[in-house]
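Heads up, the thing below is written out as structure tokens.
The values are calculated or read from the model by the stated rules, or taken from the named source; none is laboratory data. A quick note: this is a predicted structure, and the numbers were derived from the prediction, not measured. Counting neighbours? That spans all protein chains shown, and the Cβs are built from the backbone with ideal geometry, glycine included. The protein model used for the area step is the full one, side chains on, heavy atoms only, and it has no ligands, DNA or RNA in it. Shrake-Rupley method; radii C 1.70, N 1.55, O 1.52, S 1.80 Å.
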Amino acid sequence: MKLNIAVLPGDGIGPEIIEQALRVTEAVCEKFGHELSYEYGLVGASAIDQVGNPYPDGTHELCMASDAVLFGAIGDPKYDNDPSAKVRPEQGLLAMRKKLGLYANIRPVSTFPSLIHKSPLRADLVDGADFMCVRELTGGMYFGRPQGRSEDGNTAYDTCVYTREEVERILHLSYKYAQMRRKKVTVVDKANVLATSRLWRQIAQEIAPQYPDVETEYMFVDNAAMQIIQWPKRFDVLVTENLFGDILTDEASVITGSLGMLPSASIGIHTSVFEPIHGSYPQAAGKNIANPLATILSVAMMFEYAFELKEESELIRNAVAASMDAEVVTEDISLSGKAHLTSAVGDWIVDYVKK
Ligand code: IPM
Ligand code: MN
């Protein structure tokens, strides 16, 4: 098969973790006889620095012309504490999601046996937890307008908007995933307070009967935040709106033991994007210490979702699990106190794949 990939390393640790993910991609392609071609694109703060736009047209054209996008991370502290900055790196990621029509962000949460004791949660609670968060990605407060400030600068507002079409498509997708899994959907909202949540719940009630083999459960987001930690094994497919999904998935990463472990796939209308859920970890940038596993697992998702190459994807997941069994891991998930460098983890996984 011919794989034509856009590679957007972005900021902070983005380039170092992408480098390892790309090496793994190359090794897998070599092993299975796929032809890989890839091209780099600018995004985020580094794109602002170079061309003044966090998602330049050239990058969009590259993404549109590719079969999949491999994305690192974006964000730079120089923007975080400057509320007056007009152009921000995050706008690049949001523009990419919107322009590619990536309305669903799939974030699987599962545990690796050799990492169970790294979670601050009790081992018996997290052992065997395996659920999929489906985060709506192009609506809600992230994109609702108006957004801004009053003229005197003393009042600020964001708007949360959802249309029937947006809610229907994400719910249908969630039910379809549930049918391939343990057949349970948890719809997470704040329907006791928010109008958008009441629309979500109403539409969910309309759609649920179309999937009689799937059980539907409704949960308020505050309760869900508690249940994810208290009893993660109760969840199968958890579907929610953009901002709730952003927050709950960082929380859910605690189950796996590290934010450096969770991959994601953003899918929708145009080219799918595969990216770790973590950010650009600027404190670690250039130090070769960041955990590349979330990005490498995102490559596994890319093989499965974008190319329907299951065996390739399985091999990467096995390699990641084996690297943890062998304790060839970065400092965030090291149990023995012996931390390996980002590139050393990449080396080990590449060797495993080639074997
Ligand atoms: C994520 C990130 C982004 C988001 C930021 C960087 C804009 O936190 O992908 O979860 O909030 O969606
Ligand atoms: Mn986030």
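Brief remarks on what is shown
- Directionally averaged projected area (convex hull, Cα atoms, the range 87-134), nm²: 5.0 nm²
- Flagged links, alpha-carbon separation over 32 Å, of K31/K233; K99/K338; K183/K338; K99/K190: K31/K233; K99/K338; K183/K338
- The tail of the calculated P(r) for the range 99-176 beyond 22 Å holds 51 percent of all Cα-Cα pairs.
- Ranked by the mean number of other Cβ atoms within 10 Å of their residues, highest first, the peptides 71-78, 335-342 fall in the order 71-78, 335-342.
- Cα gyration tensor shape for the range 241-303, rounded if a/c is under 1.5, else prolate or oblate: oblate
- Of the trypsin sites (Lys or Arg not before Pro) in the range 251-320, the ones in a loop by DSSP (not H, G, I, E or B) with at most 15 other beta carbons within 10 Å are K287.
- With semi-axes defined as the square roots of five times the eigenvalues of the C-alpha gyration tensor, the equivalent ellipsoid of the range 175-216 measures 22, 10, 6 Å, largest first.
- The Rg/Rh ratio of the range 68-110, with Rg taken over Cα atoms and Rh as the Kirkwood radius over Cα pairs, comes to 1.05.
- Taking only alpha carbon atoms, the range 1-133 gives an Rg to Rh ratio of 1.05, where Rh is the Kirkwood radius.
- Expressed as a fraction of 2.2 N^0.38 Å, the value expected for a compact globular protein of N residues, the C-alpha radius of gyration of the range 123-244 is 1.17.
- Of the accessible area of the range 224-319, computed with a 1.4 Å probe over protein heavy atoms only, carbon and sulfur atoms account for 54 percent.
- Dimensions of the range 264-355 based on its C-alpha atoms, expressed as ranges along the principal axes with the largest first, amount to 43, 33, 18 Å.
- Diffusion coefficient, µm² s⁻¹, Stokes-Einstein with Kirkwood Rh over alpha-carbon pairs of the range 1-52 at 10 °C and 1.306 mPa s: 132 µm²/s
- Overall dimensions of the range 195-315, expressed as equivalent-ellipsoid semi-axes from the Cα gyration tensor (√(5λ), whole Å, largest first), are 29, 20, 14.
- Mean projection area, nm², convex hull over Cα of the chain: 18.0 nm²
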